[in-house]
Amino acid sequence: MQEAKTLKGYRHEVGRALANDFLREAMDKFAVAYRESRARAFAEMDIDALVADVSTAKDQALHRLDHLYSQFKHNAEAMGVKVHLAATADAANRIIADIARDNGVRTVIKSKSMTAEETLLNHHLEHEGLTVTETDLGEWIIQLRHEGPSHMVMPAIHLSRHQVADLFTQVTGQHQDSEIQRLVKVARRELRQKFAQADMGISGANFAIADTGTIGLVTNEGNARLVTTLPRVHVALVGLDKLLPGLLDALKILRVLPRNATGQAITSYVTWITGPAEYHPSETGTAKQMHIVFLDNGRRALAGDPIFSQVLRCVRCGACANVCPVYRMVGGHQYGHIYIGAIGLIVTYFFHGREKARNLVQNCINCGACKAVCAAGIDLPQLIKEVHARIQDEEGHPLQSTMLATVLKNRRLFHTLLRSAQLAQRPVTGGTAYLRHLPHIFSKQHNFRALPAIAERPFRDRWPALRYRVAQPRCKVALFSGCVQDFVYPEQLEAGLRLLSAHGVDVDFPMEQSCCGLPVAMMGENKAARDVARQNVAAIDPDRFDYIVTLCASCASHLRHAYPRLLGDESDVGPKAEKFAAKVQPLSVLLHHILAIDYAAFSAGGETTTYHAPCHLCRGMDEHTAPKALMATAGYGFIPAAEEETCCGFGGTYSAKFPEISAEILTTKLSDIDATGARLLVTECPGCVMQLRGGARQRGMKIRVAHLAEALAERLKI
């Protein structure tokens with residue numbers, strides 16, 4: 001559970017997690033194994049169609065939440081179930097405590113339930129004098145350690161078998177072997193009597209089927225069946241978002257949930273409960289009782305929110321944590337409050353308040369891996385940014401982000417400051433292309449990479465001399481530079497120009513263009529992001545060009561996807577922003593897919609090369625093949641690197657805010673690259689070039705790092 005009061009305190013806790021070698025190793029192994037298992041589980045299935053089915057089913061249910069609740073209550077109570085509705089977490093806990101008191105309950109067994117974690121149910125029941133025992137193995141382990149879960153599906157993933165053996169030795173008073181099957185037997189032996197003696201069983205539910213009053217549970221250990229059947233009282237605590245009209249809707253989710261959660265085609269147990277289980281009243285003189293407590297806790301209001309209602313599609317598979325490079329470094333106790341992973345960063349704000357969410361939402365690197373793997377098609381990175389912006393609107397914007405917003409939305413001021421910085425940096429560059437000594441605004445934690453100097457002349461100053469004419473162009477494009485390539489890496493744009501010129505493309509460089517606006521969006525400055533978008537749409541008239549081409553994958557993704565959202569409701573500029581966004585293309589897509597350039601323009605015999613896929617190209621623009629195909633076209637030998645599409649750790653402003661995490665992600669990435677033995681590393685984003693080139697230089701690696709445009713241009717025959 002994340003409890004840091006300040007960002008500084010949160011970073012301190014993150015640093016302690018980074019120092020946990022076992023945690024890092026365990027997370028690494030799990031991340032690699034999960035990806036392979038998931039791919040096998042979804043083999044030959046149309047994942048996009050499955051996700052669309054889940055998304056549609058959940059959205060339709062959310063629009064009818066009150067109706068579905070009434071229908072469920074009517075049908076369930078007709079079979080003898082008592083249905084309750086709790087407005088808040090405290091209300092849910094009180095209802096369950098009252099049920100226990102009314103039935104003389106003293107001992108409670110539980111199966112795993114994130115909803116019960118959300119309400120802190122165990123704490124409440126124990127305060128009421130009840131003995132509560134978790135019966136899911138992972139949950140029982142963390143209960144014994146007085147910890148919260150570090151993953152929604154695998155709550156004890158952060159612990160080694162040796163740590164568990166030590167814990168079980170302490171609990172049983174006997175030495176326990178660390179062999180996993182022996183540990184499982186210890187747990188079974190210790191829990192067996194709890195099952196037999198419990199007065200009440202508490203479960204969650206994955207589904208609540210309105211037209212039959214049925215709940216469904218998806219489990220792997222079988223303990224949930226014992227929890228729901230053996231005790232004389234069964235209480236299911238269920239979020240309102242689990243309501244669905246019928247069984248077919250639940251089955252759509254069931255096709256995706258286990259595959260996405262653990263890479264299983266189906267879990268060991270899928271249990272459907274319609275009415276109270278059979279019970280023998282002769283033993284106690286009482287009949288079996290079943291209660292279902294539906295929890296609102298803000299869900300009904302959330303269902304009506306035009307931006308955030310999609311978070312209630314979540315099926316709690318935990319995949320957004322499985323693929324997150326930040327979670328992989330720090331684990332769940334630092335990457336969530338109670339709910340873990342990207343979805344946890346969002347729902348913490350709604351279920352537990354902005355105090356708990358304030359620091360967490362800033363720890364998103366915006367790589368898009370969570371969105372790509374989400375079983376319900378939730379735009380998690382965008383919603384995290386929206387929560388960040390909302391918190392700042394409520395509490396006031398920090399000086400740092402306000403200053404950045406003020407500068408970026410004023411192009412002349414921004415460019416003037418960059419030109420001034422170029423002059424001011426001379427004492428720390430020593431005439432090199434790097435900052436040899438970091439200015440005092442950077443801490444020593446930023447030394448994990450060499451930072452580039454600002455170029456002596458930005459691309460916009462070089463443009464008049466570079467401009468060329470094409471008599472019969474194949475197409476006409478506007479070149480969007482982005483601020484990094486304009487002022488730091490103008491040579492990448494010059495290389496791009498040589499490629500476009502060699503292939504008959506007429507290029508213009510509209511001088512009023514500015515930063516794409518992604519940095520301010522990442523800082524929670526939505527108004528500044530809109531202002532910058534408006535400036536760029538005014539600077540580049542989409543009607544004058546066939547394409548708007550950029551050599552920066554992050555710019556491409558932001559221009560394509562964010563501009564329509566930022567400006568779509570503005571009648572004067574919205575339609576133009578749509579047209580603008582539709583014409584945005586990365587350089588590799590233009591060269592490979594649109595112009596279909598071939599080897600004739602390139603010399604043969606390039607060096608051995610490997611590739612890093614920028615997050616905003618492979619996931620933001622869904623482009624996975626063009627850069628590698630172009631390298632082959634240009635004569636390079638290619639050696640694939642492990643985890644080619646995993647983030648390099650840059651993330652724009654993220655690497656400045658969380659340098660410790662950025663450094664660790666980069667270390668993993670460079671190790672994978674080094675293992676290829678390639679002499680040249682190619683990527684298609686200036687931010688990735690900055691991170692990878694600076695990291696390789698700082699580590700003394702011999703590999704050369706180049707932007708795709710540079711690598712291709714140096715192989716041109718002319």
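The values are calculated or read from the model by the stated rules, or taken from the named source; none is laboratory data. Since the structure is predicted, the reported quantities are computational estimates derived from the model, not experimental observations. Positions of Cβ are backbone-derived with ideal geometry, glycine not excepted, and every protein chain shown enters the neighbour counts. Note: areas computed on protein heavy atoms with side chains; ligands, DNA, RNA excluded. Shrake-Rupley method; radii C 1.70, N 1.55, O 1.52, S 1.80 Å.
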> Is the shape of the range 375-521 rounded, prolate or oblate, going by the alpha carbon gyration tensor and its root eigenvalues a ≥ b ≥ c, with a/c under 1.5 for rounded and a/b larger than b/c for prolate?
Replying inline: oblate
> For the chain, which cysteines have no disulfide-compatible partner, meaning no other cysteine Cβ under 4.7 Å?
Replying inline: C314, C317, C324, C364, C374, C475, C618, C648
> E570 accessible area, nearest 10 Å², 1.4 Å probe?
Replying inline: 40
> Which listed residue (G148, L295, M701) has the Cα farthest towards the positive end of the charge dipole for the chain, taking +1 on Lys and Arg C-beta and -1 on Asp and Glu C-beta about the Cα centre?
Replying inline: M701
>> Assuming 0.36 nm per residue, please report the length gained on full extension of the stretch D569 to R40 beyond their Cα-Cα distance.
In response: 186.2 nm
>> If amide hydrogens are placed 1.01 Å from N in the peptide plane, which non-local residues have theirs closer than 5 Å to the one on F638?
In response: T609
>> Taking every DSSP beta bridge with both residues inside the range 137-255, roughly what % is antiparallel (nearest 5)?
In response: 35
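With a 1.4 Å probe and every protein chain kept in, tell me what percent of the accessible surface of the range 392-522 is carbon plus sulfur. Write out the running numbers ahead of the final one.
Values: 3560 of 6440 Å².
Looking at the range 392-522 in its full context, I get 55 percent from C and S.
Answer rounded, prolate or oblate for the range 1-61, using the Cα gyration tensor with square roots of eigenvalues a ≥ b ≥ c: rounded when a/c is under 1.5, else prolate when a/b is larger than b/c, else oblate. Intermediate values should be presented prior to the final figure.
Values: a/c = 5.38, a/b = 1.64, b/c = 3.27.
Note, shape of the range 1-61 comes out oblate.
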> By how many nm would the segment from T416 to Q193 grow when fully extended, if each residue of separation counts as 0.36 nm and the alpha-carbon distance is taken off?
Replying inline: 72.9 nm
> Pairing the Cα long axis of helix 659-674 with the longest principal axis of the chain, what angle in degrees results, from 0 to 90 and rounded to the nearest 10?
Replying inline: 70
>> Between Q170 and H12, what's the calculated FRET efficiency when r is the beta-carbon distance and R0 is 35 Å? Round to 0.05.
In response: 0.75
> Between Y599 and I718, what is the spin-label point distance in nm, taking each point 7 Å from the Cα along the Cα→C-beta axis?
Replying inline: 2.1
> Just the accessible area for M621, please: 1.4 Å probe, Å², rounded to the nearest 10?
Replying inline: 30
> Taking the Cα centre of the chain as origin and charging only Cβ (+1 Lys, Arg; -1 Asp, Glu), how large is the dipole, in debye to the nearest 20?
Replying inline: 1380
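About its Cα centre, what dipole magnitude does the range 1-124 give when the only charges are +1 on Lys and Arg Cβ and -1 on Asp and Glu Cβ, stated in debye to the nearest 20? List each step's numbers first, then the result.
Numbers: 18 positive and 18 negative charges, 96 e Å.
About 460 debye.
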>> What do you get for the angle between helix 399-408 and the principal long axis of the chain? Use alpha-carbon atoms, 0 to 90 degrees, nearest ten.
In response: 40
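Based on the Cβ-Cβ distance of V184 and H67, what FRET efficiency does E = 1/(1 + (r/R0)^6) give at R0 = 41 Å, to the nearest 0.05?
On the way: r = 44 Å, r/R0 = 1.07.
With a Förster radius of 41 Å, E is 0.40.
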> Using alpha carbon centroids, what distance separates the range 300-357 and the range 64-139, in Å?
Replying inline: 22
> Excluding ligands, DNA and RNA, what is the solvent-accessible area per residue of the range 649-708 at a probe of 1.4 Å, expressed in Å²?
Replying inline: 31
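Given only helices, namely DSSP H runs of n ≥ 4 each adding -39500 (n - 2.57), what is the per-residue ellipticity at 222 nm of the chain, to the nearest 500 deg cm²/dmol? Each step should come with its number before you reach the end.
Values: 36 runs with 346 residues, N = 718.
Helix contribution divided over all residues of the chain: -14000 deg cm²/dmol.
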>> Computing the accessible area with a 1.4 Å probe over protein heavy atoms, can you report the carbon and sulfur percentage for the range 569-718?
In response: 52
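Using a 1.4 Å probe, what is the accessible area per residue for the range 1-152, in Å²? Walk me through the numbers before you get to the answer.
Working: 7430 Å² over 152 residues.
Heavy-atom accessible area per residue stands at 49 Å².
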> Under 26 Å from the Cα of K579, which lysines turn up, not counting those fewer than eight places away in the same chain?
Replying inline: K371, K385, K409, K476, K527
>> Could you order the peptides 156-168, 366-378, 134-146, 546-558 from most to least packed, using the average number of other C-beta atoms within 10 Å per residue?
In response: 546-558, 366-378, 134-146, 156-168
> So in the chain, what percent of DSSP beta bridges are antiparallel if you round to the nearest 5?
Replying inline: 20
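Using the heavy atoms of the protein chains alone and a 1.4 angstrom probe, what is the accessible area of the range 494-551 per residue in square angstrom? Working shown, then result.
Values: 1620 Å² over 58 residues.
Accessible area per residue: 28 Å².
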> Using a 1.4 angstrom probe and counting only protein chains, how large is the accessible area of K112 in Å², to 10?
Replying inline: 70
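Considering all projection directions equally, how large on average is the shadow of the alpha-carbon convex hull of the range 31-165, in square nanometres? Display every interim value, and only then the final one.
Working: hull surface 47.4 nm².
For the range 31-165, averaging the hull's shadow over all directions gives 11.9 nm².
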> Is the chain rounded, prolate or oblate when judged by the Cα gyration tensor, a ≥ b ≥ c being the square roots of its eigenvalues, rounded requiring a/c under 1.5 and prolate requiring a/b larger than b/c?
Replying inline: prolate
> Which entries of K82/K112; K58/K657; K110/K242; K82/K242; K110/K185 show an alpha-carbon separation above 25 angstrom in the structure shown?
Replying inline: K58/K657
>> Students sometimes get this wrong: rank I180, I340 by accessible area, probe 1.4 Å, all chains present, largest first.
In response: I180, I340
>> Using a Förster radius of 22 Å, what is the FRET efficiency between D102 and T131 based on their Cβ-Cβ separation? Nearest 0.05, please.
In response: 0.80
> Expressed in nm to one decimal, what extension gain is obtained for the pair Q163 and R544 from 0.36 nm per residue of sequence separation less their Cα-Cα distance?
Replying inline: 130.6 nm
> How large, in percent, is the carbon and sulfur part of the accessible surface of the range 47-92 at a probe radius of 1.4 Å?
Replying inline: 52
> Based on the mean of other beta carbon atoms within 10 Å per residue, what is the order of 94-100, 419-425, most packed first?
Replying inline: 94-100, 419-425
